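The values are calculated or read from the model by the stated rules, or taken from the named source; none is laboratory data. Predicted model only: the values in this text are computed from it and were never measured. Backbone-built Cβ (ideal geometry, glycine too); neighbour counts: all protein chains shown. For the accessible areas, the whole protein counts, side chains as well, though only heavy atoms, and no ligand, DNA or RNA atoms are used. Shrake-Rupley method; radii C 1.70, N 1.55, O 1.52, S 1.80 Å.
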Number of protein chains: 2
Amino acid sequence: MIFGAILAGGTGTRMNLTTMPKQFLPLGDKPILIHTIARYLKCEKIDAVIVGVHADWVEYTNGLLEQYLPGAKNRVKVITGGTDRTDTMLRLLNAIEQTYGASNEHIVLTHDGVRPFFTQRMLEENIAAVYEYGAVNTVSPAIDTIVVSEDGKTISSVPNRATMFLGQCPQTFRVSQLKAVYNSLTEEERKTLTEATKIYTMRGLPVYLVQGAASNIKITTPADYTMAQAIAEDFED
Amino acid sequence: MIFGAILAGGTGTRMNLTTMPKQFLPLGDKPILIHTIARYLKCEKIDAVIVGVHADWVEYTNGLLEQYLPGAKNRVKVITGGTDRTDTMLRLLNAIEQTYGASNEHIVLTHDGVRPFFTQRMLEENIAAVYEYGAVNTVSPAIDTIVVSEDGKTISSVPNRATMFLGQCPQTFRVSQLKAVYNSLTEEERKTLTEATKIYTMRGLPVYLVQGAASNIKITTPADYTMAQAIAEDFED
């Protein structure tokens, strides 16, 4: 089976929000998170969508699903996320196996709740590539020059821009392998390694690249939210 | 003396413009390039601003200056740019020395014509740092994970994001040293090395970092232009 997992455990601190995490802010006719869920549901290859939100927002999210996606009840499941990104990811993987059984054939596309402008083309390419390569990262070529500074004060190196990409989502994995890779982390590694693709790369596992888009932004600041509203006006998928 | 140099030699191909390079598009009450020039002029430490545009647009640019910045005639000079970025940069440096004489004390802030949202704080910090370190790059911390791929197909490495920065402008140098560094390039190097900060780093010369801003974008695509219009509404400097 093929699953869409959504990480939406954030509580919105970078938006200076005291009342509502940013994934619940409106964008056009519906909240950001509902855009993200609906985009997954539009892809018929995806059997089910699992959303991890903070415990305080599970009921609220279920209410939004009732309101905006009433016909999708049997394809979407909301669970309580964890204390950090990795914890939420592992809870999503466990929820998949508890509900649908463990299988080496299970595929999971992972996505940020606050990154609503991905496309069906990206989903299709992620799914096609994961069967061949085992792991996939959606990326966008670096437009700005990337500068490396080890001390944050002076430049250490300026790598060849043609080899530099900005990591986006979806990231797609085999469920069983992703669990095994997370479980291989030491306590120390788990504190610092929050990027699944980085762990794969460190373990010598291939991660295939799929082309994202500059518009596939993550909404984390008020400026991003302003830009998202501009993108939403023209966005077609 | 302290000079503000503006690279505006582009002809707008990435915007699919057949009539007008993007630096001349309107943003609020005036063209993008006029915003950029006016931002430099606002900084009293900058003695003169030199703008390099394509030969076909020199007269047009002088007309814009008449219209939008009539009082600045003796602080702004428009010259014909070159066939590429490096060529335009060298012409700007030569124009400075031809007009104001050569001096080891000359400082040049270099900026993209299509990057109008820099601030007086960035200019002040560039000027302060160049006297101490000799070269300065305005940068913004990477928000997205940066992914390195040597072949463009699979991930080679995922560097520590805390060490990764997006290069912006201004970039600030001593005029005489910048000329010497460019002149030290072989024919082959000149074809591939378009980033002055990269050449400095390769030559073992320190380049100090100054904090930019996410809003300090370069307007190169229609999506950037849409975002720029959103930024312009709230921008204060």
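Things worth noting here:
- Beta bridge orientation in the protein assembly as shown: antiparallel %, DSSP, nearest 5: 45
- Antiparallel content of DSSP bridges confined to segment B:2-234, in %, to 5: 40
- Neighbourhood net charge (11 Å Cβ-Cβ; Lys/Arg +1, Asp/Glu -1) for B:Ile217: -1
- Pairs beyond 27 Å (Cα-Cα), from B:Lys42/B:Lys218; A:Lys22/B:Lys198; A:Lys42/A:Lys77; A:Lys77/A:Lys218; B:Lys73/B:Lys191: A:Lys22/B:Lys198; B:Lys73/B:Lys191
- In this structure, the amide hydrogen of A:Lys77, modeled 1.01 Å from its nitrogen in the peptide plane, lies closer than 5 angstrom to those of A:Val49, A:Ile50, A:Val51, counting only residues at least 5 positions away or on a different chain.
- Ordering A:Met202, A:Ala223, A:Leu65 by the projection of their Cα atoms onto the charge dipole of chain A, which places +1 on the Cβ of Lys and Arg and -1 on the Cβ of Asp and Glu, puts A:Met202 at the extreme positive end.
- Per residue of chain B, the DSSP helices (runs of n ≥ 4 H) give a summed -39500 (n - 2.57) that works out to -11000 deg cm²/dmol at 222 nm.
- Rolling a 1.4 Å probe over the protein heavy atoms gives the protein assembly as shown an accessible area of 43 Å² per residue.
- List of segment B:166-194 residues, accessible area with partners at least 10 Å² below that of the chain alone (1.4 Å probe): B:Leu166, B:Gly167
- Label-point separation in nm, A:Tyr100 to B:Ala55, each point 7 Å along Cα→Cβ: 6.3
- Table column - 3J(HN,Hα) (Hz), segment B:20-27, Karplus curve with 6.51, -1.76, 1.60, x for Gly and Pro: 8, x, 5, 5, 9, 5, x, 9
- Using a 7 Å projection from Cα along Cα-to-Cβ, the label point at B:Thr194 is separated from the same position in the remaining copies by 3.4 nm, smallest value first.
- Distances between copies at A:Ala162, taken between label points 7 Å from Cα along the C-beta direction, are 3.3 nm in increasing order.
- The convex hull around the C-alpha trace of segment A:82-159, projected and averaged over every direction, spans 8.5 square nanometres.
- For the pair B and A, the buried accessible area comes to roughly 3200 Å² in total, with a 1.4 Å probe and the value rounded to the nearest 100.
- The phi-based Karplus calculation (6.51 cos²θ - 1.76 cosθ + 1.60; θ = phi - 60°) puts the 3J(HN,Hα) values of segment A:3-11 at 10, x, 9, 10, 8, 9, x, x, 10 Hz, whole numbers, x for Gly and Pro.
- Proximity of backbone amide H atoms, modeled 1.01 Å from N, is registered between B:Val207 and A:Ile155 at under 5 Å, excluding neighbours fewer than 5 places apart on the same chain.
- Taking the Kirkwood radius as Rh and the Cα radius of gyration as Rg, segment B:2-234 has a ratio of Rg/Rh equal to 0.96.
- Of the DSSP H helices in chain B, those whose Cα atoms cover at least 18 Å axially and whose Kyte score averages -0.5 or more: B:85-100, B:120-133, B:222-234
- Other protein chain Cβ atoms within 10 Å, averaged over every residue that makes up B:136-144: 5
- Sequentially through segment A:195-208, phi angles give Karplus couplings (6.51, -1.76, 1.60; θ = phi - 60°) of 9, 4, 5, 5, 5, 4, 4, 5, 8, x, 8, x, 10, 7 Hz, Gly and Pro residues having no value and appearing as x.
- Stokes-Einstein D (µm²/s) once Rh is taken as the Kirkwood radius of segment A:150-237 over alpha-carbon pairs, at 37 °C in 0.692 mPa s: 200
- Cα gyration tensor shape for segment B:1-94, rounded if a/c is under 1.5, else prolate or oblate: oblate
- Sorting A:44-51, A:168-175, B:191-198, B:229-236 by average packing, meaning the other beta carbons within 10 Å per residue, from highest down gives A:168-175, A:44-51, B:191-198, B:229-236.
- Cβ-vector label at 7 Å, B:Glu150, separations to other copies in nm: 2.1
- Computed Kirkwood radius, in angstrom, where 1/r is averaged over Cα pairs of segment A:120-194: 15.1
- Cα pair distances in the protein assembly as shown, grouped into 20 Å bins until the bin that holds the longest one, percent each: 22, 49, 25, 3
- Sulfur and carbon atoms: percent of accessible area, chain A [1.4 Å]: 49
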